[in-house]
Amino acid sequence: MFKNIGTKLNTKFLWGIGGLGDFLLIMSDGNYDSYDELGLVFWANNPPIIKELTKQCFPKITKSIITENYLGSYKARDYYQQIVNDPMFLSKAHIPSNLEYVKEWSKVIDVFDKYNINKHPLWINDWLSNETENVIISPLGGSSDRDWKKKIIKKELLFSIIDKCETKPLLISTEKEMEYYLGYRKSIEERCMLIYDWSFEDLFSLIVNSKIVYSVDSWVKTLSMLAGVDTVLIESYYDRDLPKDPGDNIFIENWEFVERIKQ
């Protein structure tokens, strides 16, 4: 399926797998900044979302093939070999060799050193304008790793964060996600400005120029950290006894949060 994919794209290309946070890291290993035009192959948890993000915010990606996530397919390893051995393949950033996520990620000490991730990639500068006094809250993480952990700010902590904000905070979420707070949603709406269904362009501009971000382990947190915005991580919690999520070594450890709050 991915044999000679570089010929089809007719340009050097990046390859990624996963969600929005993975996408941002793929764009942050220096290659996107170094080329005027690039292709992209991406196995997406949510293909329409990745297509929209690419279109709105990453204009150097001139050709792309964004598909469903084949990671669970019995052909995934074959597809992997077709992609990484393509002469036009450029980088996969933090995507592990042979797709051995647990084996490789569990040994990562420093994601920036291991995968050449730039803490402040140049493309971020396209979104910088004047810093605002905005306080951003991202209380839920759209995640495919539900067996690992819960990316949710519990009610008591959420209201504690809201109460100490000097200005009315902006809460980034979706109608579907907010069902978790169904019993006290009205109170949240009275005390926050809820951000639903904004374009990625507007969200990028809002987050990158904010004063501080309170977030679970989500793409909002990753973007704010790449932009150098003060970011407070609300750590995920586990419903049962599970080993540490190896993804924490990629998206949490060695990132310079101003604070980490346990739940």
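The values are calculated or read from the model by the stated rules, or taken from the named source; none is laboratory data. In this text the structure is predicted, and so the values were computed from the model without any measurement. A quick note on method: Cβ atoms are made from the backbone with ideal geometry, for glycine too, and the neighbour counts reach across all protein chains shown.
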#### Entry: Residue check for Asp22: at pLDDT 95 or above and surrounded by fewer than 22 Cβ atoms within 10 Å (Cβ to Cβ)
no
### Summary
Restricting region 183-201 to residues that are among the acidic types (Asp, Glu) and surrounded by fewer than 12 Cβ atoms within 10 Å (Cβ to Cβ), the one modelled with the highest pLDDT turns out to be Glu190
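Return yes or no: is Gly21 small (Gly, Ala, Ser), in a helix (DSSP H, G or I) and within 17 Å of the chain's Cα centre (by Cα)? First the steps, then the outcome.
Details: small (Gly, Ala, Ser): yes; in a helix (DSSP H, G or I): yes; within 17 Å of the chain's Cα centre (by Cα): yes.
Yes: the conditions hold for Gly21.
I'd like to check something: does region 63-86 contain any residue that is outside any helix (DSSP H, G or I), among the acidic types (Asp, Glu), in contact (Cβ under 8 Å) with a residue 60 or more places away in the chain and more than 23 Å from Gly247 (Cα to Cα)?
In the first step, residues of region 63-86 are kept if they are outside any helix (DSSP H, G or I); the result is 63-75, 85-86.
This time we only want the ones that are among the acidic types (Asp, Glu), so: 68, 86.
Among the residues that remain, those that are also in contact (Cβ under 8 Å) with a residue 60 or more places away in the chain are: 86.
Those left that are additionally more than 23 Å from Gly247 (Cα to Cα): 86.
Yes, region 63-86 contains a residue that is outside any helix (DSSP H, G or I), among the acidic types (Asp, Glu), in contact (Cβ under 8 Å) with a residue 60 or more places away in the chain and more than 23 Å from Gly247 (Cα to Cα).
Here is a yes/no grid of residues against (1) under 18 Å from the mean Cα position of the chain (by Cα); (2) in the same structural domain as Glu201 (by TED's automatic domain parsing); (3) farther than 17 Å from Ile83 by Cβ:
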{"residue": "Phe13", "(1), (2), (3)": "no, no, no"}
{"residue": "Ile26", "(1), (2), (3)": "yes, no, no"}
{"residue": "Phe58", "(1), (2), (3)": "yes, no, yes"}
{"residue": "Lys63", "(1), (2), (3)": "no, no, no"}
### Residue among Ala76, Ala44 that is surrounded by fewer than 17 Cβ atoms within 10 Å (Cβ to Cβ) and either more than 24 Å from Trp198 (Cα to Cα) or among the hydrophobic types (A, V, I, L, M, F, W, C) (or both)
Ala76
### Query
Is it the case that Lys107 is basic (Lys, Arg), farther than 29 Å from Asp126 by Cα and in contact with a helix residue (DSSP H, G or I) (Cβ under 9 Å, 6 or more places away or on another chain)?
yes
### Query
Does region 27-61 hold any residues that are touching a Leu at 6+ places or on another chain (Cβ under 7 Å) and under 16 Å from Met88 (Cβ atoms), and which are they?
Asn31, Tyr32, Leu38, Gly39, Leu40, Lys60, Ile61
